Amino acid sequence: MLSSRLMAISSSTLLALVIVFVFLSYQASHCDAHKQKHWPVGRSTRFYDFKVQKTKVTKLCKSKEIITINGMFPGPTVYAEEDDRVIIKVTNETPHNATIHWHGVRQRLTCWSDGPSYITQCPIQPGQTYTYEFTLVEQKGTMLWHAHISWLRATVHGAIVVYPKKGVPYPFKHPYEEHTLIFAEYWFKNSLKIEKNVLASGGGPPVADAYLINGHPGPKYNCSATDVYKIDIVPGKTYLLRLINAGLNTELFFTIAGHEMTVVEADGEYVKPFNLNRLMITPGQTINVLVAADRPIGTYDMAAGAYMSAKNVPFQNVSAVARFQYTGASLASASQPAQLPSFNNNLAVKSHMDGLRSLNATNLPLDIDTNLFFTIGLNVEPCHAPNPNRSCQGPGGGVFSASMNNISFVKPAVALLQAYHDDIEGQYRTDFPRRPRKAYDYVNGAPNNVTVDTASLSGTRVTLLDYGANVQLVLQDTGTVGVENHPIHLHGFSFYLVGYGSGNYHASRAKLNLVDPPYMNTIGVPVGGWAAIRFTADNPGMCLVHALPPRDPHELGPIDGLYREERRGATTDSPSSTSRLADMLKKLICSHRNLQVFPLFLFQYCDVS
Ligand SMILES: [Cu+2]
């Protein structure tokens, strides 16, 4: 990790020259009239060179080729400081399409650098390059990057570590050392093939063959007694652990034998410190904890294992184990085993969530003018395939899908941001419903028997939000097929998690925290329950709202509901008080320093058939 950091610093000097040149030549010829006052320029620039590559790895005594960045698994850590500019050139050297998403980066006025394929950009095709460029405006903490197309992110992922500006301390005692722990799921089969097979079968995905901590499964798996990630600990010191769930489908519990953890940050934002023995982290979430090495000298297990809230769903029940090893510990004595909660311990999840309080909730919208209510859940579509045995392996001989407000997302042919920018007709509709068509008992009254018909509508629809709107979005789990904790992620924003509960949401009964709710970007909506989030729609773009698929392969695509924000009406900080997003994007591009960041213009259709 240290070496990649050094690489980033030295490369940044090199690139600075290039940027100035492009900036001057382009700006002079085209755009001097539209110099952006509000363009986030950034402080230092960090440059990274990402090559998407095929790499051979051996885990659990089996070798296979996986897709990685620069041959590393997990991939290189992106280091920066708050308000830095980050430029990452991604070159695709594989035969598969790829994009990279910077999960948790709010992409202030750089929505085209967000990375979800078919939403803000076409995939980076084999042999092509795409340069992502964004500023970490008022952002510090732990985030992650991952591929945002198909199941590529199973192996294409890594950490983003953003330090406070120089001279600004952490709001807690400076730790002796910091370590990043990235959790992942691992399959022996090629993950792209698995996804293809699952989509073709209409059923659920196969369980992971192992969980990994920084690429290591640990001793509970076959043939892995020595394939264990280890942190060397100096007794009496305090350590900061940056925890990242880069897994594809599985929510994980994490615990350290004999040690308490003090949670100090969630999803890249400080929280009021609180102590836990075990925590739950959904795919896409990041949590920073402090751990004091105050136990007798020895070796202690750190374990990550499944949280599975759905009933009768198979999952990998062997946990990944890493080691917290004190200097001076006898190598002959056994490591202290870690005690994870049982796989369906909803109470352990709730006590973790209850502890999350923002350190400073400064931008919490109090006057809500836009109320949204989205149901989320699984559906089963009727079988129309000529060969039902092969293609309709969902419950009752149907095809699994997932939906929001009963609409299952259909992938467009043109990236939606480009379709909007170029006024390309027919790619999406703007009538994604703001609430379900009819209210019912979402949790208990939903049909959970496929013969009753649990099919959804399908389509590519977006919700338009006025610029500056203060939005409250209630996410409601449904029992259409079965209730389950769903991790929901919002792109382009962080949001305040103002409330959550079990059962159906009722505005009159819901208890909301309007004092110090946590500021997050991914939330596990409680099983058979609801979560309410708030944000101000002040970052124009196409912003995806979606589930990080808990076991259903269709959710990464079809569950997606979308926001598009549009600048309307006069606002003091908008470049043109009446301009549409399209005009604004054009102007932004003119003031942008690197033309390569907007290659959406270069090819219209994402996939050439
Ligand atoms: Cu994200």
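For the range 224-253, which positions are over 14 Å from I281 (Cβ atoms) and either free of Cβ contacts under 8 Å to residues at least 12 places away in the same chain or not in a loop (DSSP other than H, G, I, E, B) (or both)?
Answer for the range 224-253, where residues must be over 14 Å from I281 (Cβ atoms) and either free of Cβ contacts under 8 Å to residues at least 12 places away in the same chain or not in a loop (DSSP other than H, G, I, E, B) (or both): A225, T226, K230, I231, D232, I233, T238, Y239, L240.
Do we find that N97 is more than 16 Å from the ligand (Cβ to nearest atom) and over 20 Å from the mean Cα position of the chain (by Cα) in this structure?
No.
Scan the range 53-109 for residues that are touching a helix residue (DSSP H, G or I) at 6+ places or on another chain (Cβ under 9 Å) and of a type in the set (F, W, Y) and report the count.
Matching residues across the range 53-109 total 2.
Here are some residues: E133, E138. Which one is acidic (D, E) and not in a loop (DSSP other than H, G, I, E, B)?
It is E133.
Looking only at residues in the range 489-501 that are within 11 Å of the ligand (Cβ to nearest atom) and part of a strand (DSSP E or B), which one is farthest from the chain's Cα centre (by Cα)?
Looking at the filtered set, the residue picked out is L490.
Condition check ((1) part of a loop (DSSP other than H, G, I, E, B); (2) assigned by TED's automatic domain parsing to the domain that holds T120; (3) more than 16 Å from the ligand (Cβ to nearest atom)) across all residues:
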residue: L465; (1), (2), (3): no, no, yes
residue: Q472; (1), (2), (3): no, no, yes
residue: T480; (1), (2), (3): yes, no, yes
residue: P487; (1), (2), (3): no, no, no
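Which residue is nearest to the ligand (Cβ to nearest atom), if the candidates are limited to the range 512-526 and must be closer than 29 Å to E138 by Cβ and in a loop (DSSP other than H, G, I, E, B)?
Among residues in the range 512-526 that are closer than 29 Å to E138 by Cβ and in a loop (DSSP other than H, G, I, E, B), the one nearest to the ligand (Cβ to nearest atom) is N521.
Just to be sure before I move on: is Y221 touching a strand residue (DSSP E or B) at 6+ places or on another chain (Cβ under 8 Å), surrounded by fewer than 23 Cβ atoms within 10 Å (Cβ to Cβ) and either assigned to a loop (DSSP other than H, G, I, E, B) or in the same structural domain as N317 (by TED's automatic domain parsing) (or both) in the structure I sent?
For Y221, the condition - touching a strand residue (DSSP E or B) at 6+ places or on another chain (Cβ under 8 Å), surrounded by fewer than 23 Cβ atoms within 10 Å (Cβ to Cβ) and either assigned to a loop (DSSP other than H, G, I, E, B) or in the same structural domain as N317 (by TED's automatic domain parsing) (or both) - is not met.
Taking the options V410, V483, V450, name whichever one is surrounded by fewer than 22 Cβ atoms within 10 Å (Cβ to Cβ), out of contact with any helix residue (DSSP H, G or I) (no Cβ under 8 Å at 6 or more places or on another chain), touching a residue at least 60 places away in the same chain (Cβ under 8 Å) and within 30 Å of S309 (Cβ to Cβ).
Exactly one of V410, V483, V450 is surrounded by fewer than 22 Cβ atoms within 10 Å (Cβ to Cβ), out of contact with any helix residue (DSSP H, G or I) (no Cβ under 8 Å at 6 or more places or on another chain), touching a residue at least 60 places away in the same chain (Cβ under 8 Å) and within 30 Å of S309 (Cβ to Cβ), namely V410.
Looking at the structure I just gave you, is A446 away from the ligand (no atom under 16 Å from the Cβ), of a type outside the set (D, E, K, R) and modelled with pLDDT under 85?
The answer is yes for A446.
The values are calculated or read from the model by the stated rules, or taken from the named source; none is laboratory data. Just so it is clear, the structure is predicted and the values come from calculations on it, not from any experiment. Virtual Cβ from ideal backbone geometry, glycine too; neighbours counted across all protein chains shown.
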